[in-house]
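Here is the structure we will look at.
Nothing in this text is a laboratory measurement; each read-out follows from the coordinates by a stated rule. All figures in this text were calculated on a predicted structure; none of them were measured in a lab. Virtual Cβ from ideal backbone geometry, glycine too; neighbours counted across all protein chains shown.
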């Protein structure tokens, strides 16, 4: 698995790890965060562990992390033929200008 880490003053973009199961459950069980995605919201820790191994462990997704370590979202990407780029952010972080420079 490839690992990615990108740091800014406001966010860290890093690969998901096996120890992120609770955050994976929180992110991927939130219906508003995942409203337009092709999977059903997760409902258990067991589902989160399976989802990590099936979809996140490959390195095609990164966690969006606050500097203090809280995972608040994700970015996903895939190569050909789809060449997709997507993201999800927990609703309590919407509208906070996390994408803007300080």
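Observations
- The helix-only estimate of mean residue ellipticity at 222 nm for the chain, built from DSSP H runs of length n ≥ 4 each weighted as -39500 (n - 2.57), is -4000 deg cm²/dmol after division by the residue total.
- Additional length obtainable on full extension of the chain from residue 46 to residue 4, 0.36 nm per residue less Cα span: 12.6 nm
- Simple spin-label estimate for residue 17 and residue 92 gives 2.3 nm between the two label positions (7 Å along the Cα-to-Cβ direction from each Cα).
- [x] 37, 29, 26; [y] 53, 23, 21; [z] 39, 24, 21, with the label sought being that of the calculated Cα extents along the principal axes in Å: [x]
- With an a/c value of 1.5 or above and a/b larger than b/c for the gyration tensor axes a ≥ b ≥ c computed over the alpha-carbon atoms, the range 1-40 is described as prolate.
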